[in-house]
Amino acid sequence: VQLQASGGGLVQAGGSLRLSCAVAGRTFRGYAWFRQAPGKEREFVAAALSYSGRSGYYTDSVKGRFTISRDNAKNTLYLEMNNLKPEDTAVYYCAVGDPIVSSVRLYEGYRHWGQGTLVTVSS
């Protein structure tokens, strides 16, 4: 399984970016984005579960601004990020696996990870 993340870059506060993550190998039940800011631990951002009727799971700080989606035909994961803030600056990682609902926000719920793409939001 290989994951290729792309779409990061430099954007001003209030701007938008769309991250993509192409997944090669197989499909999974869970697709997620995590991020790691300088000097901080990796944290959960958003996830989508194929077996859940819920449209997505989000950390509170991005609710209403970020949207996770999937293109099943392309086996590609996206993260639409709007109204970006300087505190969103981080390396963003896509991840796939077969987590149960209680593990959807946990690092341990995902088995395969992309290489990360840097998002920098200037004030």
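The values are calculated or read from the model by the stated rules, or taken from the named source; none is laboratory data. Keep in mind the model is a prediction, meaning the values are calculated, not measured. All Cβ positions, even for glycine, are placed from backbone atoms using ideal geometry, and neighbour counts span all protein chains on display. These area figures cover heavy atoms from the full protein model, side chains too; ligands, DNA and RNA do not enter into them. Shrake-Rupley method; radii C 1.70, N 1.55, O 1.52, S 1.80 Å.
Quick look at the values:
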| item | result |
| --- | --- |
| Those trypsin sites (Lys or Arg not before Pro) in region 1-39 that DSSP places in a loop and that have at most 13 other beta carbons within 10 Å | Arg26 |
| With every protein chain in place, the chain: carbon and sulfur % of accessible area (1.4 Å) | 46 |
| Reachable lysines from Lys40, criterion Cα separation under 25 angstrom, eight or more residues apart if same chain | Lys63, Lys85 |
| Sparse-neighbour loop sites [GluC sites (Glu not before Pro); region 7-98; at most 16 other C-beta within 10 Å; DSSP] | Glu41 |
| Sparse-neighbour loop sites [trypsin sites (Lys or Arg not before Pro); region 40-123; at most 12 other C-beta within 10 Å; DSSP] | Lys40, Arg54, Lys63, Lys74 |
